[in-house]
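A quick write-up on the structure given underneath.
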Amino acid sequence: MINPKAKLVENLFDKDRMEFLPTRDGFGKGLVEAGEKDERIVVLCADLSESTRSQWFKDKFPERYIQLGVAEQNMATVASGLANYGKIPFISSYAAFSPGRNNEQIRTTICINNVPVKIAGAHAGISVGPDGATHQALEDAGLMRMLPNMTVLVPCDAVEAKKATLAAAQLPGPVYIRFGREKSAIVTTEDTPFEVGKAQVFRQGKDATIISAGMLVYNALLAAEELSKEGIEATVINSPSLKPFDVETITESAKKTGAVVSVEEHQIVGGLGSAVAETLAQNHPVPQEFIGVHDRFGESGEPDELLEAFGMGVGSIKEAVKKVMKRKK
Amino acid sequence: MHLHDDKIKELEEKANLIRQSLIESLMAAGSGHTAGPLGMADVFTAFYFHILNHDPKNPDMEDRDRLILSNGHIVPIRYAAMAHAGYFPVEELQTLRKFGTRLQGHPERNKLPGVESTSGPLGSGLGQAAGIAYGARMDGKKFRTYCLMSDGEHDTGNIWESAMFAGKNKLSNLTGLIDRNNIQIDGVTEDIMPLESLRDKYEAFNWHVIDVDGHNFEAIVDAVEQAKAIFEKPTLIIAHTIPGKGIPEIEFDYRWHGNPPGKGPEDVFKKEKQGEEMLKRLRTLEGKIRSEHE
């Protein structure tokens, strides 16, 4: 059953009454609110102000908005300098370019310097759709998770994205936040708990744990609901904080259910599934199945079509749950 | 702030001491670069002993001038200059590159107070300096930001992105300085990847450009003063330097770019004598005077 403490939206499974918004909209709103609260916040953009939603900040605070042109490497280094001086810069682009293209500048000038630059990677995941493999960032969260000093956040919907943006603005060090392009279901409310380093149990069930981050959390909930009709009760955990990772919540759930499925719109190497496996291997090993992209690039197509074709749809998650349950001892 | 003859002599003597400390620290480290740091000894001396508004006892002083070193591999000369300026004891130079040291092989912002930024991977200093200058201007701060760069790192794209950004934003509180020594690890810059005309390129990006002899204190200081008088543009100082300056036998030799004394080419000095011979050249002012050490 849905965990009442998670304070999720009502009518979670009535698609006609659900609201759908891209997570980048939450980023745009969060930026404006963060900018109102703290004058040190500046926003940098590399010629993608409208699609990253940094335009909303520009409209409100033009004097704190810096346009760098198509120069993601420079964007990272200039942001490092601004933060070194005392500003709190958000840099925004597509994840394929930032942190895709400017990984070394992020490593050296942001992470080793340990300055509070906030990196917003928009249009992440295969659900970017028709643009194809070059623009479908599937490695970004893994790249950022490997960097010391970096916090990595992957919000599940636009409401959580706004909370993550506001939280990032207040953290003293570097942060990466991952956003999607497509409209996705709003599953959380203003009252849903959000804390960096914490995961939330969205649904409680005894048979298996599904842990997810990003817009696929909704698919995980849909899969759990359908499985329930077949007599399988799955726990669903939303883990927006990839780093620091909530070891306790995941380990406790694995102890209760004895089987885990990780669900992410990312390469299974380096992302959420890896974080889960690293955690369980050290604390409470149980069988795990990995939903995500298995060592290949994406391709053009419609978002839903691609998610199905790459095995990240509701049906694939259900199959993975059944498979992992069979592996329980 | 024109330099008097006495001050010039004082700076020259200081630079010589700093070169000696550099060689001693490289000998202790057993690795590191020799030619570039020797060539920049005069520039660093000019900055730490005349140009910068700074306080070695209060490295985080709020309105200090910022000195960003983009080509981190020449940091041993920065360390030597900082030690002589009073940031830390000169003896600590002996810990260069050793486990547990604050004097990392390439500089790190969070290791040693007074080091403003982390660098080593080339081409990312100018962007950081431009970011500092941009932020400072937003707040009406009067301090100046300097970025010391190598010529070889102008092979990177990042640095030109940063040059374009600084030009667009007319960052007149930013001064860049290129160590134009014409060498990089694999050879001569104009063979590896031709950079000229650096002046025309920067001017096209809306910078004010000044060429100076990088071993002439008066010229270096005059150029920095001129930059302060230029509004509406950042200034680039192209400091023409001699790699290995101070030790005639290794001057201009690119093979000394990436080697410390004791590991360099042997056609002039035997490996085991390299450090000693270099120190002797410096202590006797290239053999012109007798050294007290002789």
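Every residue, every condition in (1) part of a loop (DSSP other than H, G, I, E, B); (2) modelled with pLDDT of 95 or more, yes or no:
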{"position": "B:L17", "(1), (2)": "no, yes"}
{"position": "B:S21", "(1), (2)": "no, yes"}
{"position": "B:H33", "(1), (2)": "yes, no"}
{"position": "B:V43", "(1), (2)": "no, yes"}
{"position": "B:P59", "(1), (2)": "yes, yes"}
For this session: For segment B:157-178, name all the residues that are farther than 15 Å from B:I237 by Cα, within 13 Å of chain A (Cβ to nearest Cβ) and surrounded by fewer than 23 Cβ atoms within 10 Å (Cβ to Cβ).
Result: B:G157, B:W160, B:M164, B:K168, B:N169
For this session: Mind counting the residues in segment A:67-87 that are more than 7 Å from every other protein chain (Cβ to nearest Cβ), crowded, with 24+ Cβ neighbours inside 10 Å and farther than 11 Å from B:N158 by Cα?
Result: 1
Exercise. Could you say whether any residue in segment B:136-156 is among the small types (G, A, S) and at the interface with another protein chain (Cβ under 9 Å from one of its Cβ atoms)?
Worked result: yes
Problem set entry | Residue among A:I268, A:I232 that is surrounded by fewer than 24 Cβ atoms within 10 Å (Cβ to Cβ) and within 23 Å of A:Q204 (Cβ to Cβ) | A:I232
Problem set entry | Hits in segment B:122-149 - residues which are part of a loop (DSSP other than H, G, I, E, B), in contact with an Asp or Glu (Cβ under 9 Å, 6 or more places away or on another chain) and free of Cβ contacts under 8 Å to residues at least 40 places away in the same chain | none
Exercise. Quick one: what pairs do we get from segment A:285-300, first residue of a type in the set (S, T, Y), second assigned to a loop (DSSP other than H, G, I, E, B), C-beta under 9 Å, 6+ apart or different chains?
Worked result: A:S300/A:G132
For this session: Return yes or no: is B:N206 in a loop (DSSP other than H, G, I, E, B) and either among the polar types (S, T, N, Q) or at the interface with another protein chain (Cβ under 8 Å from one of its Cβ atoms) (or both)?
Result: yes
Exercise. Within segment A:101-108, is there a residue that is in a strand (DSSP E or B) and either touching a Gly at 6+ places or on another chain (Cβ under 8 Å) or touching a residue at least 24 places away in the same chain (Cβ under 8 Å) (or both)?
Worked result: no
Seminar exercise, completed: Contact list, first residue from segment B:47-62 and under 24 Å from B:H215 (Cβ atoms), second anywhere and among the hydroxyl-bearing types (S, T, Y), beta-carbon distance below 8 Å, six or more apart or interchain, is B:F47/B:Y146; B:I51/B:Y146; B:L52/B:Y146; B:H54/B:Y48
Exercise. Here are some residues: A:R24, A:R53, A:R101, A:R64. Which one is at positive phi, touching a helix residue (DSSP H, G or I) at 6+ places or on another chain (Cβ under 9 Å) and among the charged types (D, E, K, R)?
Worked result: A:R53
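Within the group A:A220, A:A309, which residue is in the same structural domain as A:A199 (by TED's automatic domain parsing), buried (at least 20 other Cβ atoms within 10 Å of the Cβ), hydrophobic (A, V, I, L, M, F, W, C) and at pLDDT 95 or above?
On the way: A:A309 fails: buried (at least 20 other Cβ atoms within 10 Å of the Cβ).
After ruling out the rest, the residue left standing is A:A220.
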For this session: Could you tell me whether segment B:225-244 includes any residue that is surrounded by 20 or more Cβ atoms within 10 Å (Cβ to Cβ) and farther than 30 Å from B:A166 by Cβ?
Result: yes
Problem set entry | A:C111, sole failed condition from (1) outside the structural domain of A:G69 (by TED's automatic domain parsing); (2) assigned to a helix (DSSP H, G or I) | (1)
For this session: Give A:R203, A:R181 a once-over and let me know the one that is farther than 19 Å from A:G292 by Cβ and buried (at least 21 other Cβ atoms within 10 Å of the Cβ).
Result: A:R203
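The values are calculated or read from the model by the stated rules, or taken from the named source; none is laboratory data. Since this is a predicted model, take the numbers as computed values, not measurements. Here Cβ is always computed from backbone atoms with ideal geometry, including for glycine, and neighbour counts include all displayed protein chains.
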